[in-house]
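All remarks here apply to the structure that follows.
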Amino acid sequence: MDLEDFFKSFQISCQGSTSITTFVVFLCDKIAPALRQAVYERTAKAIAEDMQGKFPDFQGSRANLEVCILRYLAEQENFEYFKEYLTYPKQFSQSYIEKEVKSYCLDGSRRLEKFLDSSLDFLYRNILSAVSSSTQIVKDRIDREDKISLWLDEFCRELTEAMNLPRSDLKGIEHQEVSDIEFLNNVMANALADLRDSLRKEFADADMSVFSRQPHTILAEQFSGCWEQCPFCGAVCTNTIPNHDGDHRLVFHRPDSLTGWSWDGTDHLSIEICSNLIQSDCRFRFPGGEWFPYKRYRDAGPPYSTWNILPDSSMQAYWKWFVCRFRTELEDLYSLKFQGRGEIPASWQAITKQQALSELGSP
């Protein structure tokens, strides 16, 4: 018991007939922060579950989420967004989810406030039920002199699943003489109604900062997995298990120019994909380092040796469109050119954004 609780307990014992009212004030002072935190925790989960049910982005696998992100990036046509996604895919995915959550909750419809109110009402009913149940159990126990201690035991037990109100926090009032349990029940009901109304006013001005565990964090956990990137093209491993056994792998590799690979000895960006190069007689090397045949890319050691790149000459139309749309930006970023062996084919330039998106399919 801290010093403040000790003095409150002493105050209750000295007040005689008004001790129930002061007892209730003490108890509600303990309930208030626990209830507020329970509302935030319940609301964060409720928002995540609601969005999972309504947003195609969050109704499937991480591959499904990636399609939604690629669609968003194409709609925005902002190279800085693309650059962040290509360089830091995990962080960008999390920021994308956060953006969607904030847009949903803070769009002017008072949706966040409604979520908080709903959680508050649910928990308020739980506390009222706990008060009533504890009163019914204790009021007829003539064999117990420590009725208030028993009442507190039952009250905390009833609330175990709804909120965190440790019984140990109430030791300062467990020995008080409160004989009129029915009166305690009524005073508690009134005090709790006031507490509910006070919190409801507080929630009217709430923003996303109230959550210690954010709704977007809960949503992002659904898409956990491996985030290792192909050392050639930067595409992300599709294994759904973090720190998985075995090699990294994925379905679609991308043009190596997205990560700045060029043909050695030239300033020409590569438009090839690594899954096709490993079937060729081409070689690669670290700047100024040893040459390695693409066919034996594993010999280059980590991170190359940790990847299983399957032979595949196909390339998604989306990345062909991207290279054409942001040709200048890519050239400026890497101080290289799409020339010579890196000349962009005319067939790529004919691909429209709508064609690129259509090939991605629906999320």
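So I have [x] 31, 23, 21; [y] 37, 22, 19; [z] 64, 21, 16, and one of them is semi-axes √(5λ) of the Cα gyration tensor in Å calculated from this model. Which one is it?
[z]
Which of Ala346, Ala130, Ala220 ends up with the largest GNM mean-square fluctuation for the chain, with Cα atoms connected below 10 Å?
Ala346
Tell me, how many Å apart are the Cα centres for the stretch 176-222 and for the stretch 72-120?
Taking the Cα centre of each part, the stretch 176-222 and the stretch 72-120 sit 28 Å apart.
7 Å from Cα along Cα→Cβ at both Lys295 and Tyr81: what's the point-to-point distance in nm?
If labels sit at Lys295 and Tyr81, their model points lie 4.3 nm apart.
Taking amide H positions as placed in the peptide plane 1.01 Å from N, state which residues far from Ser262 in sequence (5 or more) or on other chains have amide H under 5 Å from it.
Ser270
Set the Förster distance to 56 Å, then compute FRET efficiency between Arg110 and Asp247 from the Cβ-Cβ distance, nearest 0.05. Write out the running numbers ahead of the final one.
Numbers: r = 50 Å, r/R0 = 0.89.
Calculated value: 0.65.
Given H placed on each backbone N at 1.01 Å, which residues far from Lys337 in sequence or on other chains put an amide H within less than 5 Å of it?
The answer is His268, Leu269.
Given a Förster distance of 35 angstrom, what is the FRET efficiency for Asp50 paired with Ser347, based on the Cβ-Cβ distance and rounded to 0.05? Spell out each step's value before the answer.
On the way: r = 44 Å, r/R0 = 1.26.
Efficiency for this residue pair is about 0.20.
Can you tell me the 0 to 90 degree angle between the C-alpha axis of helix 147-158 and the longest principal axis of the chain, rounded to 10?
20 degrees
Report the relative contact order of the chain, percent, no decimals, based on alpha-carbon pairs under 8 angstrom and at least 6 residues apart. Intermediate results must be reported in sequence, preceding the final value.
Values: 432 pairs, mean separation 62.4, N = 363.
In percent, rounded to a whole number, it is 17.
State which entries of Lys295/Lys337; Lys102/Lys320; Lys45/Lys201; Lys139/Lys201 exceed 28 angstrom in Cα-Cα distance in the structure shown. Spell out each step's value before the answer.
Numbers: Lys295/Lys337 26 Å; Lys102/Lys320 32 Å; Lys45/Lys201 22 Å; Lys139/Lys201 34 Å.
The pairs that break the limit, which is 28 Å between Cα atoms, are Lys102/Lys320; Lys139/Lys201.
Do the sum for the chain: with -39,500 (n - 2.57) for every DSSP H run of n ≥ 4, divided by all residues, what is the mean residue ellipticity at 222 nm, to the nearest 500 deg cm²/dmol? Write out the running numbers ahead of the final one.
On the way: 14 runs with 191 residues, N = 363.
For the chain, the value works out to -17000 deg cm²/dmol.
Quick query: amide H of Arg283 versus all other amide H atoms, modeled in the peptide plane; which residues come in under 5 Å with a sequence gap of 5 or more or a different chain?
Residues meeting the amide H criterion: Tyr294.
Since every read-out is calculated from the coordinates, none of them should be taken as a lab result. Note that the coordinates shown come from a computational prediction; the quantities given were computed from them, not determined experimentally. Here the Cβ is made from the backbone with ideal geometry for all residues, glycine too, and neighbour counts use every protein chain on show.
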